[in-house]
Structures are given as structure tokens and as C-alpha cells.
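In what follows, a single structure is set out as C-alpha cells and then discussed.
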Amino acid sequence: MSAKFAEVSRPVLVNGAAGVVATAEGRALSVMAFTITNGRIASIAILNDPERLDRLDLTVLDD
């Protein structure tokens, strides 16, 4: 849902796993973390709670 409001989506590491952060006005709107099994996405966890997002330490991969 929040992806349509995002200005930018960037690849990130979420707890060492592949993920994507969607941002607007420099602030994270949502984070998706992927579980990869046998080279395929097996599950996706989505976080969009503003309080929890503010506490995340994400490693942006494309800067």
C-alpha cells in the first residue's frame, strides 16, 4: 500500500538479508525483507509501523 506513495525504493540489508526500503521525503515508509531458498524468494516480511521503522538500522546497498 505505501509503495504507491514512495518516491524512491532502494535495495537494503535487513538483519543481513536482502530487502527493499520505500522512502518519501527522506523517511522510510516500508521495508520488505526477503527469505531466499534455493535461489528463489520463499517469503516476504513487510514492516510499515512508523515507530519500528524509525528504530531500524538498514544498510543501503546502492549508494
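The values are calculated or read from the model by the stated rules, or taken from the named source; none is laboratory data. Please read all numbers here as calculations on a predicted model, not as lab measurements. Accessible surface is based on the protein model in full, side chains and every heavy atom, while ligands, DNA and RNA are left aside. Shrake-Rupley method; radii C 1.70, N 1.55, O 1.52, S 1.80 Å.
Heavy-atom accessible surface of the chain, averaged per residue, reaches 75 Å², computed with a 1.4 Å probe. Under the rule a/c < 1.5 gives rounded, and otherwise a/b versus b/c splits prolate from oblate, where does the chain land using the Cα gyration tensor? It comes out prolate by the Cα gyration axes. Fully extending the segment from Leu58 to Glu7 would add 16.6 nm, taking 0.36 nm per residue of separation and subtracting the current Cα-Cα distance.
With all protein chains in place and a 1.4 Å probe, the accessible surface of the chain carries 50 percent carbon and sulfur.
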